[in-house]
Amino acid sequence: MKFNIIYLSKVNSTNSYAIQQIENNALSHGDVIFTLNQESGKGQGDNIWESESGSNLHVSIILSPKMIDASEQFVLTQLISLAIVNLINSYLSNITVNQQLKIKWPNDIYVGDKKIAGILFQNFIKGNKIEYSIVGIGINVNQKEFFSSAPNPISIIHFINKATDVNQLLDELLLNVGAYYEKYTFENKFSELKLEYLKNLYKYNNWTTYSDSEGVFKGKITGIDEYGRLIVMQESGVEKLYMYKEIKFNP
Ligand code: BTN
């Protein structure tokens, strides 16, 4: 897949800029908005995305995945998360086994118990198709200290002790995204994609403590359903399904 990178010297949020441009019909599949200076990055929900000027990767990739139904949006979540895991793994080749890179459901990228990257999907749906997906990716690269209320951020530099060239990281990210997109956007590949996602899922098949609307409980993730809902088994053996924000991983 071909990408066309649009470099901005600074912007409030690459996602907000991309939304504006899509509304003006000025972007299409494969366009990429990139900046080294994102002044008020957006996280999921009402969160902000903290990033020191010049230190990190902020990008919004425009995809127009006509072959994926709106109800199958989670396919995108899975393949983008895996592309990022694969990329960062190639940088952190010397980390210890208990600090492996994992995807914290639905799409936070973790090393051990710390977050190294986040994704914000903003989709334009038309009928039952995804007309455009704005895939906003933030990777903590060279920032050593964080000041916002983000609970547990960590950067690539904490593991490799030398600065990473963010432009090169972007090129490698796009290679990974292109490869995963081409490999997995066919319906007959969705179950293979899901297996790879589960293999890389944080706390998959591990008993741990969660909380939901009914309180704190011990459970283990046993899978995800076709809509990307998390399946968690309780000690009684009963399985429950959760949408985003309906369940919390307790520390
Ligand atoms: C999250 O984990 O809460 C999602 C973070 C997403 C941050 C990226 S940085 C590039 C793009 N532009 C934004 O304003 N946010 C996303």
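The values are calculated or read from the model by the stated rules, or taken from the named source; none is laboratory data. Given the structure is predicted, the values throughout are model-derived calculations rather than measurements. We place every Cβ from the backbone using ideal geometry, glycine too, and count neighbours over all the protein chains shown.
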Open item on the list: So, I19, is that one more than 8 Å from the ligand (Cβ to nearest atom), within 23 Å of E172 (Cα to Cα) and either in contact with a strand residue (DSSP E or B) (Cβ under 9 Å, 6 or more places away or on another chain) or modelled with pLDDT of 95 or more (or both) or not?
Closed with: no
Open item on the list: Conditions first: (1) surrounded by 21 or more Cβ atoms within 10 Å (Cβ to Cβ); (2) aliphatic (A, V, I, L, M); (3) part of a helix (DSSP H, G or I); (4) within 12 Å of the ligand (Cβ to nearest atom). L87 passes all but one, so which condition is the exception?
Closed with: (4)
Task: Near pairs, Cβ below 9 angstrom, 6+ apart or cross-chain, from the stretch 169-189 (on the phi < 0 side of the Ramachandran plot) to any residue that is part of a loop (DSSP other than H, G, I, E, B) and among the charged types (D, E, K, R) - done: G178/K2
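Which members of the stretch 226-245 meet the condition of being closer than 15 Å to N107 by Cα and not aliphatic (A, V, I, L, M)? Break it down stepwise before answering.
Narrowing the stretch 226-245 to residues closer than 15 Å to N107 by Cα: 227-230, 242-245.
Those that are closer than 15 Å to N107 by Cα and not aliphatic (A, V, I, L, M): Y227, G228, R229, Y242, Y244, K245.
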Open item on the list: Whether any residue in the stretch 152-161 is surrounded by 14 or more Cβ atoms within 10 Å (Cβ to Cβ), within 14 Å of the chain's Cα centre (by Cα) and not hydroxyl-bearing (S, T, Y) is what I want to check.
Closed with: no
Task: Every pair of residues 6+ apart whose Cβ atoms lie under 7 Å, when the first sits in the stretch 210-232 and is free of Cβ contacts under 8 Å to residues at least 40 places away in the same chain while the second is assigned to a loop (DSSP other than H, G, I, E, B) and surrounded by 16 or more Cβ atoms within 10 Å (Cβ to Cβ) - done: D212/I247; V232/I247
Open item on the list: Going by what's in this entry, would S60 be described as within 14 Å of the ligand (Cβ to nearest atom), assigned to a loop (DSSP other than H, G, I, E, B) and either touching a Gly at 6+ places or on another chain (Cβ under 6 Å) or more than 26 Å from Y227 (Cα to Cα) (or both)?
Closed with: no
Open item on the list: Looking at E52 and the list (1) over 18 Å from the mean Cα position of the chain (by Cα); (2) within 16 Å of the ligand (Cβ to nearest atom); (3) not in a loop (DSSP other than H, G, I, E, B), which single condition is not satisfied?
Closed with: (3)
Open item on the list: Among the listed residues K2, K66, K10, identify the single one that is touching an Asp or Glu at 6+ places or on another chain (Cβ under 8 Å) and either touching a residue at least 24 places away in the same chain (Cβ under 8 Å) or more than 11 Å from the ligand (Cβ to nearest atom) (or both).
Closed with: K10
Open item on the list: For the stretch 163-181, check the following and say yes or no: at least one residue is in a strand (DSSP E or B) and modelled with pLDDT of 95 or more.
Closed with: no
Open item on the list: Quick check on the stretch 36-48. Is at least one of its residues more than 8 Å from the ligand (Cβ to nearest atom), under 19 Å from V177 (Cβ atoms) and under 17 Å from the mean Cα position of the chain (by Cα)?
Closed with: no
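Suppose we filter K144, K102, K115 for residues that are free of Cβ contacts under 8 Å to residues at least 24 places away in the same chain and either away from the ligand (no atom under 16 Å from the Cβ) or assigned to a strand (DSSP E or B) (or both); which single one remains?
Numbers: K102 fails: free of Cβ contacts under 8 Å to residues at least 24 places away in the same chain; K115 fails: free of Cβ contacts under 8 Å to residues at least 24 places away in the same chain.
K144 is the lone residue from the list that is free of Cβ contacts under 8 Å to residues at least 24 places away in the same chain and either away from the ligand (no atom under 16 Å from the Cβ) or assigned to a strand (DSSP E or B) (or both).
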Open item on the list: Being in contact with a Gly (Cβ under 7 Å, 6 or more places away or on another chain), assigned to a loop (DSSP other than H, G, I, E, B) and farther than 21 Å from S16 by Cβ: is that true of P151 here?
Closed with: no
